[in-house]
1. I'd like the full set of residues that are loosely packed, with under 13 Cβ neighbours inside 10 Å and either part of a helix (DSSP H, G or I) or touching a His at 6+ places or on another chain (Cβ under 9 Å) (or both), limited to the range 49-73.
2. Restricting attention to the range 20-43, and to residues there that are closer than 27 Å to Gly72 by Cβ and without any contact (Cβ under 8 Å) to a residue 12 or more places away in the chain, which single residue is surrounded by the most Cβ atoms within 10 Å (Cβ to Cβ)?
3. Quick check on my filter: what residues within the range 56-73 are in contact with a helix residue (DSSP H, G or I) (Cβ under 7 Å, 6 or more places away or on another chain) and free of Cβ contacts under 8 Å to residues at least 24 places away in the same chain?
4. Mind counting the residues in the range 20-60 that are within 27 Å of Arg87 (Cβ to Cβ) and of a type in the set (Lys, Arg)?
Amino acid sequence: MRKPDPTERVIEAPDYAASIARQIRAYARRAGDADPAVAAETFNRIRAELDRAERHAITAWLAQDYSYRELGRAFGVNHNAVIQRYRRLTEGAA
């Protein structure tokens with residue numbers, strides 16, 4: 001795969017992410033009326049799914065030759081934080 005041209009405009013992904021964020025906010029509003037144990041379990045499942053999605057994306061970006069430094073900048077953290085969190089995704093891949 002190739003790194004996308006930074007001048008190319010991708011519209012679908014941000015719009016889709018915004019839709020997901022709206023759905024999570026809607027769930028949060030409804031959670032106040034739910035049993036706390038049930039709502040908390042749902043939040044935990046949402047958090048776990050988001051972690052899986054992030055790992056998938058990081059793996060894809062690393063495969064496209066993005067550097068940990070580039071990913072750190074994108075996530076607003078030091079590249080060492082990205083390395084610490086995701087190093088195991090690339091161990092043994094070389």
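1. Kept after step one, since they are loosely packed, with under 13 Cβ neighbours inside 10 Å, are these residues of the range 49-73: 49-53, 56-57, 60, 63-65, 67.
Matches in the range 49-73: Glu49, Leu50, Asp51, Arg52, Ala53, His56, Ala57, Ala60, Ala63, Ser67.
2. Ile20
3. Quick first cut of the range 56-73, residues in contact with a helix residue (DSSP H, G or I) (Cβ under 7 Å, 6 or more places away or on another chain) only: 58-59, 61-62, 68-69, 71-72.
Listed by number, the residues that qualify are Trp61, Tyr68, Arg69, Leu71, Gly72.
4. As a first pass, look at the range 20-60 and keep what is within 27 Å of Arg87 (Cβ to Cβ): 44-60.
Narrowing the set further to residues that are of a type in the set (Lys, Arg) leaves 45, 47, 52, 55.
Here the count works out to 4.
Residue-by-condition table, conditions (1) part of a helix (DSSP H, G or I); (2) within 17 Å of the chain's Cα centre (by Cα); (3) not charged (D, E, K, R):
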| site | (1), (2), (3) |
| --- | --- |
| Pro14 | yes, yes, yes |
| Ala17 | yes, yes, yes |
| Arg22 | yes, yes, no |
| Tyr27 | yes, no, yes |
| Arg30 | yes, no, no |
| Ala34 | no, no, yes |
| Ala37 | yes, no, yes |
| Phe43 | yes, yes, yes |
| Arg47 | yes, yes, no |
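A short reminder: the numbers here are calculations on the coordinates, not readings from a lab. Remember, it's a predicted structure, so these values are computed and weren't measured experimentally. Neighbour counts run over all protein chains shown; Cβ positions are idealised from the backbone, glycine included.
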